[in-house]
Structure formats: structure tokens, C-alpha cells
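Colleague: Pasting a structure here, questions to come.
The values are calculated or read from the model by the stated rules, or taken from the named source; none is laboratory data. Computed from a predicted structure; not experimentally measured. A quick note on method: Cβ atoms are made from the backbone with ideal geometry, for glycine too, and the neighbour counts reach across all protein chains shown. Side chains included, ligands, DNA and RNA excluded: accessible areas come from the protein's heavy atoms. Shrake-Rupley method; radii C 1.70, N 1.55, O 1.52, S 1.80 Å.
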Amino acid sequence: MLNIEDENNVKNYIDEVLSFNNTICKQAKLFISSNDVSYNMELPVLGNIDRTFTPRDGGKIKKEITNSKGVSPVKDMSHWLAHYLYKKIIELDVICIFDDVMGTEGDLVGFEKTSFINKHEEMVHIACKKNISSKNELMKLIFASKVSWHFVCVIAYTDKGFTTPEYYETDSLKVKEVVIGACDGEAFIVVKKLYEK
């Protein structure tokens, strides 16, 4: 059985990830601080390993698998995330907003449908029913915005749908969940309102 260590360690880790003073991190922090939330860490399938993992356990998951089963590498959880997000987009008509802390204007090539540089010079990717038609398109956004030390995706409802690049900064955005990268990109923490499915 896999457990998140203790909740305070998870909260401290999330605070560190969200310490960037940018729009998406601010939205995520506001959601977490304004609601009773639950934390669920999604990890690769690890066979019979029975131990507790912390969000800072990067590289250790791969080592655990190699030691216990003699196999490697770890399955990339980005495929799990693409499936998870795509299902939410299709079934709940939400938007997914990805923070690309390393992105620059030159990185927009090939992402014109989903991505932009906002007024604060932050690169942002947005996925919704209007601009994403497959999990593969979501995978490209995940890989574009995921670095080992920072991944943030805000899942939100909107009153009017995604209409302009600035829209995601408004009060009309109703955050439903936040996904944070963990274990040096080997896992994800899903933060949602307590008792919400």
C-alpha cells in the first residue's frame, strides 16, 4: 500500500512549488487556502512495495522498482494525467491551465491553438473542449510544461468558457482541482475539495 507521509510535509512541499509569484500559482494557492481540501498522490504501480513516499522522493521510486523487481524504468505518470484531465474536460466541460515556468515566446511555435504569453510575460497553456480533441494533444501540453522541480495544472469551471488569454485571471474562474508534480516528475498530487469526487 502506498501512502502520503504526513499531511504537513505535503503542504510544505506544495507551498514550495507554488512559491513562484505568477498568476497560476496564485490561483492554486487561493484555492487551497480558501477550501478544506484533500491530497492524493498518484504514483506509478510499484508491485508489492509497502512503504510511504513523500513528494520529495524523486529518483527513489525508480530505485525501489529496480531493487524489488529487477525492472526499470518507471512508467511515466504523464499518460495517467492526460487520461485523467481529458476525461474531466469531456465530461465536466472544465478548462485545464498549465503553468510553463520555463516557456518563452519562441516556444509558442506549434502551440498556437492552446498557448500564449500573458500580460505578465508568463507562458500559459490552456486545454478545453474547444481546442483539444485527443489525449495526445494533452500529452504535448503536459510535456511542454512539466519540469522535474515544477508542474502546476489548475482545473477550473468557467462561466463563459475560455474566450481570451486574460480570462483565466478573472474572478469568473472557479477552480475545481489543482495538480502538482511530485517525486521529481515521477508522480502527481491531486488537490481537491474535501468530499468532492
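Colleague: Order the peptides 176-182, 139-145, 115-121 from the highest to the lowest mean number of other Cβ atoms within 10 Å of their residues.
Modeller: Most protected by this proxy first, the peptides run 176-182, 139-145, 115-121.
Colleague: Tell me, what HN-Hα J-couplings in whole Hz come from the Karplus equation 6.51 cos²θ - 1.76 cosθ + 1.60 at θ = phi - 60° for each residue of the stretch 21-36, using x for Gly and Pro?
Modeller: Each residue's phi maps through the Karplus curve to give 8, 10, 4, 5, 4, 5, 4, 5, 4, 4, 4, 5, 6, 9, 9, 7 Hz.
Colleague: How big is the accessible area of Glu105 in square angstrom, nearest 10, if you roll a 1.4 angstrom probe over the protein chains?
Modeller: Counting only protein heavy atoms, Glu105 exposes about 140 Å² to solvent.
Colleague: Filter the cross-link list Lys87/Lys192; Lys88/Lys130; Lys29/Lys113; Lys87/Lys119; Lys29/Lys176; Lys129/Lys176 down to pairs whose alpha-carbon distance in this structure exceeds 24 Å.
Modeller: Lys29/Lys113; Lys87/Lys119
Colleague: If you don't mind, another one. How do 123-134, 19-30 rank on mean C-beta neighbours within 10 Å, highest first?
Modeller: Listed from highest to lowest mean packing, they are 123-134, 19-30.
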